[in-house]
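Okay, so here's the structure we're looking at.
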Amino acid sequence: MSSAPANEPTATAEAALLEVTDLVKHYRIRSGGAMSRPGGSLRAVDGVSFRVGAGETLGLVGESGGGKTTVGLSVLRLVQPSGGTVSFEGRDVLAAGRAELKALRRRMQIVFQDPIGALDPRKSVGDSVAEGLRIQGLAPRAEARRRAVEVLDRVGLTAAQAGSLPHELSGGQLQRVGIARALVLDPRLVVCDEPVSALDVSIQAQIINLLLDLQAERGLAYLFIAHDLALVRHISDRVAVMYLGRIVESAPAGELFDSPAHPYTRALLSAVPADHPAAARQRIVLRGEIPSASAPPTGCPFAPRCPDAMARCSEQAPEFREIAPGRWAACFLND
Ligand code: SF4
């Protein structure tokens, strides 16, 4: 196992493919209308560190509003982080100039929840897949088109479907196009941002199996962002749980699901249907909603909703620390 920075849920590989350290993304907020003065800040991501090794899948889970998507976008610098570092293949993503960033993005791709939003409605999906090759200057038009058809075939779409416009395809087919757009550039890391949550359950399984097959074939690493924990368990080597802009627990997937160390993880898992009645967990219903990231609670950010909260929890923030080899959590109950 690789050595870990102080607050880091680590990858299993010796040298991390992706290493994120103390990532911060704050948005300035205004307190009134257009003429108002700047107010406070919204701490969407507040000091997140993790590693992903080559060929590994890190699942990033938590409720909406926890900052998962902002982490994924920051890794590719599709949003500009406010602080921290992102290293990919040993290169500093946040310091990269335009040309270097373009080259890095060939190796780091993203699959979005809503593939149609990323497609030109007037272009055939084959042309949209080929576009990445042309933008990167990797192939002339005819060659790019041929390679697009090839990769569309690999994700289960026919040459005829390559000529379709986006609105002529189903949701599952469009997500295959989204995957093909990422794959055509032969990446090493794919950020999958809720890639199946808009699909029917039967189609979800097909897409997950496709992602697993492609990983086995190509040695891809995934940062797999989702709120469906059953899915995440199926696909991930390690899982990191995010709450209010921070990782609160990280562990190998099996260990996290079998013996969660943080009350928030326990609450999330209690809502997952068990494979077997004997394995069913008592449902833990959390009080209220996730607080606003513009006004996080003092002390432990989870304290206002935590069923196990103690007096010190609203005064002190627990350190995110290694509680057992390869297992990290931020909760006083593990002291
Ligand atoms: Fe709950 Fe306290 Fe642990 Fe926070 S530190 S998760 S409030 S028990």
Specify the residue that is modelled with the highest pLDDT; the eligible residues are those in region 29-77 that are open to solvent by 50 Å² or more (accessible area, probe 1.4 Å) and in contact with a Leu (Cβ under 6 Å, 6 or more places away or on another chain). A54
Residues that are open to solvent by less than 10 Å² (accessible area, probe 1.4 Å), at least 3 per element: which helices (runs of 4 or more DSSP H) completely within region 131-198 meet that? 141-154, 171-183
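The values are calculated or read from the model by the stated rules, or taken from the named source; none is laboratory data. All figures in this text were calculated on a predicted structure; none of them were measured in a lab. Quick reminder, even Gly has a Cβ in these numbers, built from the backbone with ideal geometry, and neighbours come from all protein chains shown. Ligands, DNA and RNA are stripped out before the accessible areas are found, and what is left, the full protein with its side chains, is counted by its heavy atoms. Shrake-Rupley method; radii C 1.70, N 1.55, O 1.52, S 1.80 Å.
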